[in-house]
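Undergrad: Can you keep this structure in mind? I'll have questions shortly.
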Amino acid sequence: MSIGRPPTTNHAQIEKIALALFEERGFEETTVDDIAAAVGVGRRTIFRYFASKNDIVWGEFDRVIARLREAFDAEPEDAPLTEALRRAVVASNHYEPDQLPELRIRMTLITTAPALQAHSMLRYAAWRNAVAEMVAPRLGARPEDLAPQALGHAALGASMAAFDRWVSNPGEDLGQCLEEAYRLLASGFDPDAV
């Protein structure tokens, strides 16, 4: 009989078990050894899938950014920039109903666990920079120029506000929260223009 990780061990399985432990015990109180034991693998196996415990919470974040880029690239070149960005953000944040409870746990941890804050800054910077890279050509600018960077920061703020609202109000729809936040952003926060 061979010894090793169970044949069903994968990113999704580890994430699901880890998120349940984080929700039950708290992020700081749950160790990688606890996760490994619950999954039925060794600690080293966890680190084959994730660089750190923090990365488990963020899941496949590179895929999130890739979905955002794909959705933005599908937008017509002549679409108003903030509209194209709003639609891309909403489309890239579409989740099936059975995925929402896990997403809510992730977002709660990301926004409340002190140990995740520094790691979150790295992820937020990657997302902002992706937005700046996407919008720069439409602005006739370089990604590091002020306008694309400002839009990246503003878009992150709108997204974070929408996610915070959704996490705090379980009856609300994530897509609608994002739509509203981006419409406010596009209107310059003029309630009459929304």
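Undergrad: Using the Cβ atoms and a cut-off under 15 Å, what net charge is assigned to the surroundings of Glu28, where Lys and Arg are +1 and Asp and Glu are -1?
TA: Around Glu28, the charge tally is -3.
Undergrad: Once whole DSSP H runs in the chain are found, which of them have Cα atoms spread over 30 Å or more along the helix axis and a mean Kyte-Doolittle score of at least -1.0? Write down the numbers at each step before the final one.
TA: On the way: long enough: 117-139 (32 Å, -0.05); 146-168 (33 Å, 0.58).
Membrane-span-like by this rule: 117-139, 146-168.
Undergrad: Can you tell me the relative contact order of the chain? Whole percent, Cα pairs under 8 Å, sequence separation 6 or more.
TA: About 17 percent, as a whole number.
Undergrad: In addition: Only Cα pairs within less than 10 Å get springs; with that Gaussian network setup on the chain, which residue of Ala113, Ala71, Ala130 has the largest fluctuation?
TA: Judging by the Gaussian network model, the answer is Ala113.
Undergrad: Still on this structure, I have one more. Where the accessible area of segment 62-187 is counted over protein heavy atoms with a 1.4 Å probe, how much of it, in %, is carbon and sulfur?
TA: 56
Undergrad: Dipole magnitude of segment 6-66 about its Cα centre, charges +1 at Lys/Arg Cβ and -1 at Asp/Glu Cβ only, in debye to the nearest 20?
TA: The dipole magnitude comes to about 280 debye.
Undergrad: Give me the dipole magnitude in Debye, nearest 20, for the chain about the Cα centre, with unit charges on the beta carbon: positive for Lys and Arg, negative for Asp and Glu.
TA: Value, rounded to 20: 720 debye.
Undergrad: A further question follows. Please give the direction-averaged projected area of the C-alpha convex hull for segment 44-98, in square nanometres with one decimal.
TA: 5.1
Undergrad: Determine the distance separating the Cα centre of segment 119-194 from the Cα centre of segment 40-114; give it in Å without decimals.
TA: Using only Cα atoms to place each centre, the spacing works out to 14 Å.
Undergrad: How long are the semi-axes of the ellipsoid equivalent to the chain, from square roots of 5 times the Cα gyration tensor eigenvalues, in whole Å, largest first?
TA: Sorted largest first and rounded, they come to 34, 18, 15 Å.
Undergrad: With a cap of 13 neighbouring Cβ atoms within 10 Å, and only residues DSSP puts in a loop, list the GluC sites (Glu not before Pro) found in segment 100-194.
TA: The qualifying sites are Glu144.
Undergrad: What number, in percent, do you get for the relative contact order of segment 40-100 if the mean sequence gap of Cα pairs under 8 Å and at least 6 apart is divided by its residue count?
TA: Here the relative contact order equals 29 percent.
Undergrad: With a 1.4 Å probe and every protein chain left in place, work out the accessible area per residue of the chain in Å², rounded to a whole number. Please list the in-between numbers first.
TA: Details: 10560 Å² over 194 residues.
Each residue of the chain exposes 54 Å² on average to a 1.4 Å probe.
The values are calculated or read from the model by the stated rules, or taken from the named source; none is laboratory data. These figures come from a predicted structure and were not determined experimentally. No Cβ is skipped: glycine too gets one built from the backbone with ideal geometry, and neighbour counts run over all protein chains shown. With ligands, DNA and RNA removed, areas are computed over all heavy atoms of the protein, side chains included. Shrake-Rupley method; radii C 1.70, N 1.55, O 1.52, S 1.80 Å.
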